[in-house]
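The structure appears below as structure tokens.
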Amino acid sequence: SGAPEAHFAESGGQGEIHLVQLYPRDMNIYGDWGNTLTLKRRLEKRGYSVKLTDYNPGDSFPADGDLFVGGGGQDSGQFRVMEDLQKIKPVLHELVRDGVPMLAICGLYQLFGHEFRTIAGQVLPGIGIFDLTTVGGETRLIGNIVTESETFGTIIGYENHSGLTRLGDGQEPLGRVVSGAGNDGEDGTEGAVTREVIGTYLHGSLLPKNPVLADHLIATAVRRRYSHDHLEPLNDALAARAREVAAARPR
Ligand code: GLN
């Protein structure tokens, strides 16, 4: 049941989309890989072929990427990528200015801000795509989280972080916390949005449970690359079921 799948599904005839996963070796936990898989499959079902590039520290940077995703990581993983991230900072900023869609989860989200100061007092410089700073806290904020976004509706996921993130005055959050902790467990905000870049604490993985968000990223990518402005609806019955179950589960 549900919407029929795209009639040109799997043909690849709509064109190629270059999907880049940032730092999968060091920054990829709590199912973050599922975000990449979801984008790939939803593109393929709409008739796009997907070129998937893993970008790890020291690799030559795929600046022709159409869509960038990056996951969370332990503080140690963040340390391993921070130097490389500074190197690619200028090109990332250029891509952001060009309206390229990106998704940064948790550990990478923190590094997309100004800095992350760990509980041990070490300072990891970020790249300032978002106007936010993060400070390591005493307790970990763990559990299912439900947030509400004006643009995307109800966003559902799972958070596990000790970093507490404060947004700068003009920084737009991704959503408002309905249940869970969010950016700092206090101000009621979750995540951040700048241009077409979405940052969030939500693992889960995020995109399988939030097809609206996945399709927003995809729509932005195919509009930029091919001026396509229509996405065939997909059957999201399983995602709807997963959302119900996750949202009903108390922390
Ligand atoms: N090390 C960071 C923190 O605990 C990020 C953790 C994560 O990516 N889940 O705040």
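See the values below:
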read-out: For the stretch 10-104: rounded, prolate or oblate by the Cα gyration tensor [a/c cutoff 1.5]; value: oblate
read-out: Ordering of 135-143, 215-223 by burial proxy (mean other Cβ atoms within 10 Å per residue, highest first); value: 215-223, 135-143
read-out: Candidate lysines - alpha carbon under 27 Å from residue 89, same-chain residues fewer than 8 apart omitted; value: 40, 51
read-out: 5 angstrom amide H check on residue 117, placed H, neighbours 5+ away; value: 124, 134, 135, 136
read-out: GNM flexibility winner over the chain from 66, 131, 229 (Cα, springs under 10 Å); value: 229
read-out: Packing rank of 156-164, 85-93, 47-55, where each peptide gets the mean count of other beta carbons within 10 Å, highest leading; value: 156-164, 47-55, 85-93
read-out: Linear extension gain, residue 119 paired with residue 11, 0.36 nm per residue minus alpha-carbon span; value: 33.9 nm
read-out: Cut-off 15 Å, label 7 Å out along Cα→Cβ of residue 151, residues of the stretch 58-97 by amide N; value: 68, 96-97
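None of the figures in this text is laboratory data; all of them are computed from the coordinates on show. The structure displayed is predicted, hence computed values, not measured ones. Quick reminder, even Gly has a Cβ in these numbers, built from the backbone with ideal geometry, and neighbours come from all protein chains shown.
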